Amino acid sequence: MGAGIGGLTAAIALRQAGVQVEVFERAAELKEIGAGIGLSANAMRVLKHLGLMEQVVERGTIIEAAVSRTSSGRGLARLSTRLTEVPTVCLHRADLQQLLFSALPPDCVHLGEQFVDFENTGDGVTAHFVSGRTASGDALMGADGLRSRVRAQLLNDGEPVYRGYQCWRSVCDYPATEVLTETFGQGLRVGLVPVGPRGTAWWCTANEDELANDEPDGAKTKLLRWFGNWHQPIPDVIGGTNPTAIIKTAIYDRPSVKTWSKGACTLLGDSAHPTTPNMGQGGCMAIEDAAMLARCLSNYSDPAMAFRVYERLRYARTTKVTRISRHYGMIGQWKNPGAVWFRNTLLRLGSGKAATRGYVNFVSYDPYEVSPHEC
């Protein structure tokens, strides 16, 4: 497994369940990459169970509400996020990764080890790495991201699907608030994410070809041309960002599959069910996966049986997230003026009590409350 959010959380959960784990990560060091990450109550509940919630809160911002606006700043919707027994927290992804990394013994995580392939042996699985190293165990869990090499060998189901838009992300020291905002335009969106002492993380999306680049002007100039006249603080946040710190990624996901395990090998997080970022649930789903995987391995001595149960318990929820996120992104990227008006009207009309109930129901999920006979 890799040393991303899902892999590290799984290692912590498995160790706390009494399972011996080793993590192999391609990167030679865990550099400070990425931008903001949101952890809604469903993920924070897992981190609380693992004894890490307070440390996460210290590094981020507790979110009071999520707000939607038009490019002029007119409000469309507001959803309170302080409705459960644990908070929603946003922080820098690197801070979360470092916290999870430091919760494991130094000899548990092996950096600079690029996975090549695995083989099933008579008594387990052996993984092979570019360095020539091999590692053997009772089971293999691939948490190596969107273009997972473990998935390629397990499922051989091709490349992920480009969804028609690009995303730019970064962080600047603009003072953090306690509110998440998403602003909608015509084929363009901007999100502002408070990340505690770090300031404000932000993201922008635009409809572009999969291989489009930002030359000749560069990303910052391009973004300010699009968003420079949107409501504040959007221009100030983008304008105050170091242009070399802006990350651009194309947005992908995959069609859901019911089976992502074979024998003593399985997947979790983006390796198993990659989702577009529109619901802010990619990292949260990986954290939920980690908890459920640990529970299943604790309840079944046979890893193959544990993985089959794990798949069954995770398929419906992760499929729902992937589907809703994909459609939300499609609607969010609408460019036609009539479609934009219709979308904005839906956002205004759909922000009442029913939306609140749906949100509370979704984030109240707790993998530790799954009945033992199911897991």
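Residues of region 1-34 that are touching a helix residue (DSSP H, G or I) at 6+ places or on another chain (Cβ under 7 Å), assigned to a loop (DSSP other than H, G, I, E, B) and open to solvent by less than 10 Å² (accessible area, probe 1.4 Å): Ala3 alone. Considering only region 220-236, I want to know if a residue exists there that is of a type in the set (Gly, Ala, Ser) and touching a residue at least 40 places away in the same chain (Cβ under 8 Å). Within region 220-236, none of the residues are of a type in the set (Gly, Ala, Ser) and touching a residue at least 40 places away in the same chain (Cβ under 8 Å).
Residue pairs whose Cβ atoms lie under 9 Å apart, sitting 6 or more positions apart in sequence or on different chains, and linking a residue in region 19-33 that is farther than 9 Å from Leu111 by Cβ to a partner that is in a strand (DSSP E or B) and open to solvent by 40 Å² or more (accessible area, probe 1.4 Å), are Ile33/Ile247. The residue pairs whose first member lies in region 361-374 and is at pLDDT 95 or above, whose second member is hydroxyl-bearing (Ser, Thr, Tyr), and whose beta carbons are closer than 7 Å, counting only pairs six or more residues apart or on different chains, are Val363/Ser40; Val363/Thr84; Ser364/Thr84. You will find that of Trp260, Trp341, the residue that is over 23 Å from the mean Cα position of the chain (by Cα) and among the aromatic types (Phe, Trp, Tyr) is Trp341 and no other. Among the criteria (1) outside any strand (DSSP E or B); (2) open to solvent by 50 Å² or more (accessible area, probe 1.4 Å), the one Leu154 does not fulfil is (2). Cβ-Cβ distances below 8 Å connect the following pairs, each with a first residue in region 140-161 that is within 16 Å of Pro255 (Cβ to Cβ) and of a type outside the set (Val, Ile, Thr), a second residue that is open to solvent by 20 Å² or more (accessible area, probe 1.4 Å) and in a helix (DSSP H, G or I), and a separation of six or more residues or different chains: Leu146/Asp270; Ser148/Asp270. Among the numbered conditions (1) assigned to a loop (DSSP other than H, G, I, E, B); (2) modelled with pLDDT of 95 or more; (3) surrounded by 22 or more Cβ atoms within 10 Å (Cβ to Cβ), the only one that Leu47 does not meet is (1).
For region 161-198, how many residues are over 19 Å from Val340 (Cα atoms) and surrounded by fewer than 18 Cβ atoms within 10 Å (Cβ to Cβ)? Residues that pass the stated criteria total 8. Applying the set (1) part of a loop (DSSP other than H, G, I, E, B); (2) without any contact (Cβ under 8 Å) to a residue 12 or more places away in the chain; (3) closer than 24 Å to Glu29 by Cα to Asp107 leaves exactly one unmet item: (1).
Of the candidates Ala127, Ala139, Ala103, the single residue that is at pLDDT 95 or above and closer than 30 Å to Asp173 by Cα is Ala103. Determine, yes or no, whether Leu267 is at negative phi and either surrounded by 15 or more Cβ atoms within 10 Å (Cβ to Cβ) or in contact with a Ser or Thr (Cβ under 7 Å, 6 or more places away or on another chain) (or both). The answer is yes for Leu267.
Only a single criterion out of (1) open to solvent by 20 Å² or more (accessible area, probe 1.4 Å); (2) assigned to a helix (DSSP H, G or I); (3) touching a residue at least 12 places away in the same chain (Cβ under 8 Å) is not satisfied by Ser72, namely (2).
The values are calculated or read from the model by the stated rules, or taken from the named source; none is laboratory data. Fair warning: this is a prediction, and the values are worked out from it, not measured in the lab. All Cβ positions, glycine included, derive from the backbone under ideal geometry; neighbour counts span all protein chains shown. Keep in mind that these areas ignore ligands, DNA and RNA; they rest on the heavy atoms of the full protein, side chains included. Shrake-Rupley method; radii C 1.70, N 1.55, O 1.52, S 1.80 Å.
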